[in-house]
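Encoded as structure tokens, the structure appears first; notes follow it.
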Amino acid sequence: MILPGKTIGILGSGQLGRMLSFVAKRMGYRVVIYSPDSQTPAGQVSDKEIVAQYQDVDALERFAKEVDVVTIEFENIAVEALNALAGHVPVHPSPQVLHTSQNRLREKTFLAKAGLPVTPFKQVDSADGLKEALEHLGTPAVMKTAGFGYDGKGQAKLSTLEDAHAAYTQLGGGTVILEAFINYQLEVSVIGSRNARGDYRDFGVIENEHRDHILDLSTAPSSLTQNIQQEAREIARATLEALDVIGVMCVEFFLTSEGKLLINEVAPRPHNSGHLTIEGCACSQFEQQLRAICNLPLGPTDIPRPTAMLNLLGDVWEKGEPDWAKVLSLPETHLHLYGKAEARAKRKMGHITTVANSKGELAQKIKTLRSIVQT
């Protein structure tokens, strides 16, 4: 166990690292951030911010000597950086987990071989291979870059072979993944946590709404049938165990119109949809991440009352600063801003959480919040 008083190292310096830092400081840990940028959301609240490239082996070794455990706050980090650190200090999730999850093709292939339900897919390496894959999967279909994509980036919906060839060229050719287009009724996520002893807990099923491929609203507890919720939780646990995850991982699902759950993707870190756990749960996803990577007992994960998270993108600032006083006049409503200097369209600037006594009350509060911040 890595007990309070020790030092947590975080690769990456965005809002997820910021929220993990808040929890770590509250629990008595020191925090050192490592990223190529300075004056970052996480760096603002940490004990120390090391500014260096992820390929800088000497800087990584100096970082490793200052911390007792390392974790990540986003996936777009070269696996070589984790490998370099793993020779000096525990790293969670492991380099192998990152290697698998940061590439859509490796991720889907691993999950399919593990017998877990994924969207039908094909690897495409050439224009001829693209035609064969489309014939197999049919149209519409979705083409995605194999690696380093998020929030809808690096993907295109295809309706015809002509669309496919144009999109393939636009994505740069090479190896891509082609997925069947899923006619889904709902997108849901399960955020699981696991420590080195193999103890496991999750926060149940969270229901998600997206706009332009970016998460807009998350609500919990879910209104789905208990059978579907239980199945989603079992699949999520099997995913974390198959990957041997230590830490927190989000498993995102499509629920098809036929009532079937398919894994869309996984993220080996706290997730935007889990921000509602900060006020909605006795132990947030960030405290759970800290507990898991330090091999401490995992915390309670029940979400006893209807809770929602509303994302705040840079678009909200288009007409000036929102009326935060009006937002905070709503009972049990909490504002989280990430300390980013500039509001830009589609940039995640913060979020609002709110808790209610009933789902009807929660829906009304969400409607009111939207009218205030104009999302």
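The values are calculated or read from the model by the stated rules, or taken from the named source; none is laboratory data. Everything numeric here is computed off the predicted structure, so don't read it as measured data. Glycine also receives a Cβ, built like all others from the backbone with ideal geometry; neighbour counts cover every protein chain displayed.
The table for this structure:
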quantity	calculated
Residue within the stretch 287-299 that is polar (S, T, N, Q), at pLDDT 95 or above and more than 23 Å from residue 98 (Cβ to Cβ) present	no
Residue list for the stretch 307-340, restricted to those being within 21 Å of the chain's Cα centre (by Cα) and either within 19 Å of residue 276 (Cβ to Cβ) or outside the structural domain of residue 362 (by TED's automatic domain parsing) (or both)	307, 308, 309, 310, 311, 312, 313, 334, 335, 336, 337, 338
Residue 259 vs. criteria in a loop (DSSP other than H, G, I, E, B), surrounded by fewer than 21 Cβ atoms within 10 Å (Cβ to Cβ), at positive phi and of a type outside the set (Asp, Glu)	yes
Failed item in (1) in a helix (DSSP H, G or I); (2) among the acidic types (Asp, Glu); (3) in contact with a strand residue (DSSP E or B) (Cβ under 9 Å, 6 or more places away or on another chain), with residue 234 passing the rest	(3)
From 46, 21, residue being surrounded by 14 or more Cβ atoms within 10 Å (Cβ to Cβ), farther than 17 Å from residue 293 by Cα and either among the polar types (S, T, N, Q) or out of contact with any strand residue (DSSP E or B) (no Cβ under 8 Å at 6 or more places or on another chain) (or both)	46
Exclusive hit being modelled with pLDDT of 95 or more, in contact with a Gly (Cβ under 7 Å, 6 or more places away or on another chain), more than 20 Å from residue 271 (Cβ to Cβ) and outside the structural domain of residue 341 (by TED's automatic domain parsing), set 43, 28	28
Those strands (runs of 3 or more DSSP E) lying entirely in the stretch 273-375 with at least 2 residues more than 23 Å from residue 73 (Cβ to Cβ)	348-355
Qualifying helices (runs of 4 or more DSSP H) (wholly inside the stretch 88-145; at least 3 residues being surrounded by 19 or more Cβ atoms within 10 Å (Cβ to Cβ) and in contact with a Ser or Thr (Cβ under 8 Å, 6 or more places away or on another chain))	104-113
